Amino acid sequence: MFKDRVYKLAKKIPKGNVTTYKEIAKSLNSKAYRAVGTAMNKNPFAPIVPCHRVINSDGKIGGFASGVNKKIRLLESEGVKVKDKKIDLKKYLFKFR
């Protein structure tokens, strides 16, 4: 299933990095960015599947089932700097290649 492939990829995102819904979709040869977001929102395997490390492709935090502030706290606890609810993708982006 698509969501299982999404979870398998998300497990590879290292602590201290983030990736985007778009990056995950591209890695699955898909343009289903929103479906990736839906899978992350319904993630039953957190924190083993670190859905908090998946953000919008413009660097904005995006949604989180437990609330955006919790997502920010989790990312900051892993060393990711968040400024104005945005992350510098040049510094923190993880790509699946």
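Every number here is computed from the coordinates shown, using simple stated rules; none is lab data. Keep in mind the model is a prediction, meaning the values are calculated, not measured. Here the Cβ is made from the backbone with ideal geometry for all residues, glycine too, and neighbour counts use every protein chain on show.
May I ask you to list the residues of region 1-36 whose amide nitrogen lies under 15 Å from a point 7 Å from Cα along the Cα→beta-carbon direction of residue 93?
Residues 17-27 fall inside that zone.
Mean 1/r over all different Cα pairs, inverted: what Kirkwood radius does region 1-77 give, in Å?
By the Kirkwood definition, the hydrodynamic radius is 12.2 Å.
Note down the magnitude of the dipole of region 2-92 about its Cα centre, charges +1 on Lys and Arg C-beta and -1 on Asp and Glu C-beta and zero elsewhere, to the nearest 20 debye. Kindly include the intermediate steps, with their values, before the conclusion.
Numbers: 22 positive and 7 negative charges, 20 e Å.
Result for region 2-92 is approximately 100 debye, rounded to the nearest 20.
Please give me the summed charge of the neighbours of residue 65: other residues whose Cβ is under 11 Å from its Cβ, Lys and Arg +1, Asp and Glu -1. Write out the running numbers ahead of the final one.
On the way: positive: 42, 70, 71; negative: none.
Overall, the nearby charge balance is +3.
Can you give the FRET efficiency to the nearest 0.05 for residue 4 and residue 81, using r as the Cβ-Cβ distance and R₀ = 30 Å?
Details: r = 32 Å, r/R0 = 1.06.
So, using R0 = 30 Å, E works out to roughly 0.40.
Starting from the Cα-Cα distance between residue 15 and residue 69, subtract it from 0.36 nm times their residue separation and give me the gain in nm to one decimal. Don't skip to the end; give the middle numbers.
Values: separation 54, 0.36 × 54 = 19.44 nm, distance 1.80 nm.
So the chain would gain 17.6 nm between residue 15 and residue 69.
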